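The values are calculated or read from the model by the stated rules, or taken from the named source; none is laboratory data. No experiment lies behind these values; they were computed from the predicted model shown. Here the Cβ positions follow ideal geometry from the backbone for every residue, glycine too, while neighbour counts run over all protein chains shown. All accessible areas refer to the heavy atoms of the entire protein, side chains included, with ligands and DNA or RNA removed. Shrake-Rupley method; radii C 1.70, N 1.55, O 1.52, S 1.80 Å.
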Amino acid sequence: MQLDRFDKQILEILSHEDVNLNELSERINLSVSSVHRRIKNLIEAQIMSPAKHQINFAKLGFNLHILLQVSLSKHDSETFDKFLAEIEDIPEVINAFLVTGQSADFIVELVAENMDSYSEILLRRIGKLDNVVALHSSFVIKKYDVFNCYKMLHKR
């Protein structure tokens, strides 16, 4: 799908803000029906997702946001698949990334209510999984939204 300036503006605005169709339409000077059609096309082309999953976990009582580097003893698809299946059963895990160029195999993003609950998750759950040999925690102090979709797409 070839993106024009309106598609790029839609992606830029929606990557940072939750606005309704009327406001989006006004901001990019396009009719509501055209904006709706363009969003539908972006979703169908799988350029954007129909669902927004931006949850404020702190408002739900999860005051710690952690990026956990996990190293595994084996490096094969079966071991990776098993690890992913096991962490899917941990409700505090919100994302997992298979990475390269690190001392870790995965970066697991998770939330916890406090240090005691995180200690429980780390030591009694993730630390006890098969093939886990090393864990390194980094705590998110503040998240910054620096993604500039519009500029990125205009460089192409």
Scanning the range 92-118 for residues that are closer than 20 Å to F62 by Cβ and open to solvent by 50 Å² or more (accessible area, probe 1.4 Å) gives I94, N95, F97, E113, N114, M115, D116
Looking at this structure, is S31 open to solvent by 40 Å² or more (accessible area, probe 1.4 Å) and under 18 Å from the mean Cα position of the chain (by Cα)? no
If you take the residues in the range 37-65 that are open to solvent by 100 Å² or more (accessible area, probe 1.4 Å) and of a type outside the set (K, R), which one is nearest to V111 (Cα to Cα)? N63
What residue, among those in the range 1-28 that are of a type in the set (A, V, I, L, M) and within 18 Å of E44 (Cα to Cα), is surrounded by the most Cβ atoms within 10 Å (Cβ to Cβ)? I10
Please enumerate the residues belonging to the range 125-148 that are surrounded by 10 or more Cβ atoms within 10 Å (Cβ to Cβ), at pLDDT below 95 and aromatic (F, W, Y). F147
Matching residues in the range 93-116 - criterion: being of a type outside the set (A, V, I, L, M) and within 14 Å of L68 (Cβ to Cβ): N95, F97, Q102, S103, D105, F106, E109
Report every pair of residues separated by at least 6 positions or lying on different chains whose Cβ atoms are under 8 Å apart, first residue within the range 8-32 and within 19 Å of A51 (Cα to Cα), second charged (D, E, K, R) and modelled with pLDDT of 90 or more. Q9/R27; I10/R38; I13/R27; V19/R27
What is the number of the single condition among (1) in a strand (DSSP E or B); (2) open to solvent by 30 Å² or more (accessible area, probe 1.4 Å); (3) aliphatic (A, V, I, L, M) that L122 does not meet? (1)
Identity of the residue in the range 67-86, within 16 Å of the chain's Cα centre (by Cα) and open to solvent by less than 50 Å² (accessible area, probe 1.4 Å), that ends up nearest to K143 (Cα to Cα): L68
Counting only residues that are in contact with a strand residue (DSSP E or B) (Cβ under 9 Å, 6 or more places away or on another chain), modelled with pLDDT under 95 and not in a loop (DSSP other than H, G, I, E, B), the range 30-87 contains a total of 3
Can you say whether R38 is more than 16 Å from the chain's Cα centre (by Cα) and touching a residue at least 12 places away in the same chain (Cβ under 8 Å), as far as the supplied structure shows? yes
Taking only pairs six or more apart or across chains, which ones have beta-carbon atoms under 7 Å, a first residue in the range 106-134 that is under 12 Å from P91 (Cα atoms), and a second residue that is part of a helix (DSSP H, G or I) and not β-branched (V, I, T)? V111/F57; A112/Y118
